[in-house]
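Student: After the C-alpha cells below, expect a handful of questions from me.
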Amino acid sequence: MDFFSIKMRSSLEDDHISGHERIVKKADIEDVLLQLYKRGSRREFDLLNIKIEKIREPIKIVQKSLKLVDLRFDSFSQANIFAVDLLNEKTGISKNILKKFIDQIHTGACDGRNMRGAMIVDISGRRLEKDRSRGVRTSMVDFIDREKIKEKLEKKGFTERTLDALALSTKNLHHKQILAEYCISDETDYVTGYVAVDGTYYRLTPLKSSGSKYGGRIYFVKSEVNIEDLYYYLQKKPVLIKEVDIEF
Ligand code: COA
Ligand code: AMP
C-alpha cells in the first residue's frame with residue numbers, strides 16, 4: 001500500500017511558529033490536510049506551507065512505542081537532578097557533561113537563542129551536529145492508527161502533544177547509536193519535558209521554569225556514530241509505530 005508524508009510549517013516574519021507532520025494512506029490525505037491547516041492556523045502566521053510527498057523508501061515498522069512513565073516533581077530543579085542522575089546511570093555519561101549541555105538548552109543553546117533542531121552530543125561531550133544553530137530535526141514518523149493511540153492516551157489524561165513527542169523519541173531511540181534524549185519545549189507556558197532512555201519515555205513535570213522561552217533537544221550518542229547515517233535515519237527514514245506502551 002502507498003503511504004504519503006504530509007508536512008506543515010508556518011512562520012511569521014521569518015520566525016518559525018508551528019510545524020507538524022503525518023504519514024497517511026492516500027484515502028486520508030484530504031482529511032489530514034484540513035487537520036494540519038487547522039493546527040497551523042491556531043496562531044498568527046504570514047506563511048503556511050503544506051507539503052505532500054509519496055513515500056518511496058521502505059517503511060520501518062516498530063511494534064511498540066517506548067514505555068510511557070509519568071513523574072511529578074515539586075520544582076524544575078528537582079526534576080533536572082532526577083534527569084541527570086538517570087542519564088548518568090543509564091548511559092555512563094558524566095554528570096558534568098550532562099549538566100553542561102542541559103544548562104545550555106535552558107539558556108539558549110545557540111548564542112542565547114534556541115536551536116532549530118536537536119543538539120547531538122557523544123559520550124565524551126563532543127558536539128557532532130553539522131550546523132550548530134540548525135542541529136538535526138527528526139522527521140518521517142507517525143503512529144499507524146493515530147486515532148486509536150490518541151484515544152488510549154486521552155483516557156489516561158495525555159494530549160496529542162505527548163503522542164507526537166512519544167513517536168519522535170521512539171524513532172530516535174530505535175537508532176542503535178542513540179543512547180538517550182533530553183527535551184524541553186520552547187513554549188513559555190509548557191513546562192513538561194522528557195528524558196527517553198533504555199526503552200522508557202520519562203515524562204517529567206516541571207522540567208523547565210514557567211515563563212521561560214528557552215527549549216531544545218539533546219540526542220546523546222555513542223562516540224563511534226556515523227554522522228551521515230544518523231542524519232539520513234533521523235530526517236529521511238520513514239517509521240510507523242503500531243502500539244503505545246502504557247498500562248491500561
Ligand atoms: N524550529 C525552527 N525552525 C524550523 C523548525 C523548527 N522546529 N522546523 C522547520 N523550521 C524552519 C527552518 O528555518 C528550516 O530551515 P533549516 O532546515 O535551515 O533549519 C525551514 O523551516 C524548512 O524546514 P524543513 O524541515 O525543510 O521543513 P518541512 O516542511 O520539510 O518540515 C516540520 C517541517 C516542522 C514538519 C519538520 O521539520 C518537523 O519538525 N517534523 C517533526 C514534527 C513532529 O512532531 N513529528 C511527530 C509526528 S508523530
Ligand atoms: P517542541 O517539542 O516543538 O516544543 O520543540 C522543542 C525544541 O526541540 C525546539 O526548540 C527545537 O530546538 C527542537 N526541535 C523541534 N522540532 C524538532 C524535531 N523535529 N527534531 C528534533 N528537534 C526538534
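The values are calculated or read from the model by the stated rules, or taken from the named source; none is laboratory data. Note that the structure is predicted; figures quoted are calculated from it, not measured. Counting neighbours? That spans all protein chains shown, and the Cβs are built from the backbone with ideal geometry, glycine included. Side chains included, ligands, DNA and RNA excluded: accessible areas come from the protein's heavy atoms. Shrake-Rupley method; radii C 1.70, N 1.55, O 1.52, S 1.80 Å.
Student: Within 15 Å of ligand 1 (Cβ to nearest atom) and within 26 Å of S65 (Cα to Cα): does that describe I102? Steps first, please.
Tutor: Numbers: within 15 Å of ligand 1 (Cβ to nearest atom): no; within 26 Å of S65 (Cα to Cα): yes.
The answer is no for I102.
Student: With respect to the numbered conditions (1) within 12 Å of G216 (Cα to Cα); (2) away from ligand 1 (no atom under 11 Å from the Cβ); (3) polar (S, T, N, Q); (4) surrounded by 13 or more Cβ atoms within 10 Å (Cβ to Cβ), which one is the sole condition not fulfilled by S133?
Tutor: Result: S133 fails condition (2) only.
Student: Could you please let me know if S41 is open to solvent by less than 80 Å² (accessible area, probe 1.4 Å) and within 16 Å of ligand 2 (Cβ to nearest atom)? Let's see the steps before the verdict.
Tutor: On the way: open to solvent by less than 80 Å² (accessible area, probe 1.4 Å): yes; within 16 Å of ligand 2 (Cβ to nearest atom): no.
Criteria not met by S41.
Student: Could you please tell me which pairs satisfy a Cβ distance under 6 Å, a separation of 6+ or placement on different chains, a first residue in segment 14-25 that is over 14 Å from G40 (Cα atoms), and a second residue that is at pLDDT 95 or above?
Tutor: I23/F3; I23/S5; I23/D142; V24/F4; V24/V32
Student: Considering only segment 80-102, how many residues are of a type outside the set (S, T, N, Q), in a loop (DSSP other than H, G, I, E, B) and in contact with a helix residue (DSSP H, G or I) (Cβ under 9 Å, 6 or more places away or on another chain)? Break it down into steps so the answer makes sense when it comes.
Tutor: Kept after step one, since they are of a type outside the set (S, T, N, Q), are these residues of segment 80-102: 81-87, 89-90, 92-93, 95, 97-102.
Filter once more, so that each one left must be in a loop (DSSP other than H, G, I, E, B): 92-93.
If we keep only those that are in contact with a helix residue (DSSP H, G or I) (Cβ under 9 Å, 6 or more places away or on another chain) as well, we get 93.
Summing the residues that are of a type outside the set (S, T, N, Q), in a loop (DSSP other than H, G, I, E, B) and in contact with a helix residue (DSSP H, G or I) (Cβ under 9 Å, 6 or more places away or on another chain) in segment 80-102 gives 1.
Student: Ok, one more. Can you find a residue that is among the aromatic types (F, W, Y), open to solvent by 70 Å² or more (accessible area, probe 1.4 Å) and over 17 Å from the mean Cα position of the chain (by Cα) anywhere in segment 66-75? First the steps, then the outcome.
Tutor: Step one: of segment 66-75, the residues among the aromatic types (F, W, Y) are 73.
Filter once more, keeping what is open to solvent by 70 Å² or more (accessible area, probe 1.4 Å): none.
Checked segment 66-75: no residue is among the aromatic types (F, W, Y), open to solvent by 70 Å² or more (accessible area, probe 1.4 Å) and over 17 Å from the mean Cα position of the chain (by Cα).
Student: Among the listed residues I105, I120, which satisfies the condition of being at pLDDT 95 or above, within 9 Å of ligand 2 (Cβ to nearest atom) and not in a loop (DSSP other than H, G, I, E, B)?
Tutor: Values: I120 fails: within 9 Å of ligand 2 (Cβ to nearest atom).
Only one candidate passes the filter, namely I105.
Student: Just checking, which of R161, R127 is within 16 Å of ligand 2 (Cβ to nearest atom) and either among the aliphatic types (A, V, I, L, M) or open to solvent by less than 50 Å² (accessible area, probe 1.4 Å) (or both)?
Tutor: R127
Student: Is it the case, given these coordinates, that L207 is more than 16 Å from ligand 1 (Cβ to nearest atom), open to solvent by 20 Å² or more (accessible area, probe 1.4 Å) and touching a helix residue (DSSP H, G or I) at 6+ places or on another chain (Cβ under 6 Å)? Spell out the reasoning first.
Tutor: Working: more than 16 Å from ligand 1 (Cβ to nearest atom): yes; open to solvent by 20 Å² or more (accessible area, probe 1.4 Å): no; touching a helix residue (DSSP H, G or I) at 6+ places or on another chain (Cβ under 6 Å): yes.
No, not satisfied.
Student: Same structure, new question: If M8 satisfies all but one of (1) open to solvent by 80 Å² or more (accessible area, probe 1.4 Å); (2) within 16 Å of ligand 2 (Cβ to nearest atom), what's the number of the condition it fails?
Tutor: Failing condition for M8: (1).
Student: Applying the selection to segment 67-86, what residues are closer than 16 Å to V191 by Cα and either among the basic types (K, R) or in contact (Cβ under 8 Å) with a residue 24 or more places away in the chain (or both)?
Tutor: Quick first cut of segment 67-86, residues closer than 16 Å to V191 by Cα only: 70-83.
Scanning segment 67-86 gives D70, L71, R72, F73, S75, F76, A79, N80, F82, A83.
Student: Go through (1) in contact with a strand residue (DSSP E or B) (Cβ under 8 Å, 6 or more places away or on another chain); (2) open to solvent by 20 Å² or more (accessible area, probe 1.4 Å); (3) among the basic types (K, R) for R146 and report which single condition fails.
Tutor: Condition (2) is where R146 drops out.
Student: Does segment 15-38 hold any residues that are more than 22 Å from the chain's Cα centre (by Cα) and either among the aliphatic types (A, V, I, L, M) or exposed (fewer than 15 other Cβ atoms within 10 Å of the Cβ) (or both), and which are they? If you could, list the steps in order and put the result at the bottom.
Tutor: Our first condition is that a residue be more than 22 Å from the chain's Cα centre (by Cα); within segment 15-38, this holds for 25-31, 34.
Once the filter is applied, which keeps residues that are more than 22 Å from the chain's Cα centre (by Cα) and either among the aliphatic types (A, V, I, L, M) or exposed (fewer than 15 other Cβ atoms within 10 Å of the Cβ) (or both), segment 15-38 yields K25, K26, A27, I29, E30, D31, L34.
Condition check ((1) crowded, with 23+ Cβ neighbours inside 10 Å; (2) under 13 Å from the mean Cα position of the chain (by Cα); (3) of a type in the set (K, R); (4) at pLDDT 95 or above) across all residues:
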| residue | (1), (2), (3), (4) |
| --- | --- |
| E181 | yes, yes, no, yes |
| E187 | no, no, no, no |
| G199 | no, no, no, yes |
| R203 | no, yes, yes, yes |
| S212 | no, no, no, yes |
| G215 | no, yes, no, yes |
| S223 | no, no, no, no |
| Y233 | no, no, no, yes |
| K242 | no, no, yes, yes |
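Student: Being in contact (Cβ under 8 Å) with a residue 12 or more places away in the chain and either of a type in the set (A, V, I, L, M, F, W, C) or loosely packed, with under 10 Cβ neighbours inside 10 Å (or both) is the filter here, so list the residues in segment 44-56 that pass it.
Tutor: Of segment 44-56, the ones in contact (Cβ under 8 Å) with a residue 12 or more places away in the chain are 44-55.
If the condition is that a residue be in contact (Cβ under 8 Å) with a residue 12 or more places away in the chain and either of a type in the set (A, V, I, L, M, F, W, C) or loosely packed, with under 10 Cβ neighbours inside 10 Å (or both), then E44, F45, L47, L48, I50, I52, K54, I55 are the ones that fit.
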